[in-house]
1. Quick one: with all protein chains in place, what share of the accessible area of the stretch 1-82 is carbon or sulfur, to the nearest percent (1.4 Å probe)?
2. Could you give each residue of the stretch 87-93 its phi-based ³J(HN,Hα) in whole Hz, using Karplus coefficients 6.51, -1.76, 1.60 with θ = phi - 60°, and x for Gly or Pro?
3. Packing-wise, with mean Cβ within 10 Å as the measure, how do 83-94, 16-27 rank, highest first?
4. So for the chain, what percent of the C-alpha to C-alpha distances run longer than 16 Å?
5. Ignoring everything except DSSP H segments at least 4 long, calculate the 222 nm mean residue ellipticity for the chain; use -39,500 (n - 2.57) per segment, divide by total residues, nearest 500.
6. Keeping every protein chain present and rolling a 1.4 Å probe, give me the accessible area per residue for the chain in Å².
Amino acid sequence: MSLETLHTKARQSLASLRKTQPRIAARLFRVDEALAFEMQAWISAGNADTPIPSAFLLGNAAPCFALIGIAARKPALFWGALAAIPALPVLLALHWI
């Protein structure tokens, strides 16, 4: 495997990983994935001076926007929370056994 192929595969893996967080948030809150990708692009562009688009603040899009914001700023917290959700019932069951 050449070095160029290795870099290409690594770049593709990183791009796929960056798309994972908005996909998860979109599925959790039943929001269109395209809107979730727009939210991620708006956050990563660093548009602190511009107002938040109104489409991001309506209905289920608001908590999705918040979760994507957390994922962009603190990815360890995002992945830790996702791991804690299925772990909670297991820990409770182990506590009562």
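1. Summing carbon and sulfur atoms, their accessible area is 61 percent of the total for the stretch 1-82.
2. Taking θ as phi minus 60°, the curve returns 6, 4, x, 5, 5, 5, 5 Hz for the stretch 87-93.
3. On the way: 83-94: 9.2, 16-27: 16.1.
The most tightly packed comes first, giving 16-27, 83-94.
4. Everything past 16 Å amounts to 63 percent.
5. -26000 deg cm²/dmol
6. Accessible surface, normalised per residue, equals 73 Å².
The values are calculated or read from the model by the stated rules, or taken from the named source; none is laboratory data. Given the structure is predicted, the values throughout are model-derived calculations rather than measurements. Glycine also receives a Cβ, built like all others from the backbone with ideal geometry; neighbour counts cover every protein chain displayed. We work out accessible area using only protein heavy atoms, side chains counted, and drop any ligands, DNA or RNA first. Shrake-Rupley method; radii C 1.70, N 1.55, O 1.52, S 1.80 Å.
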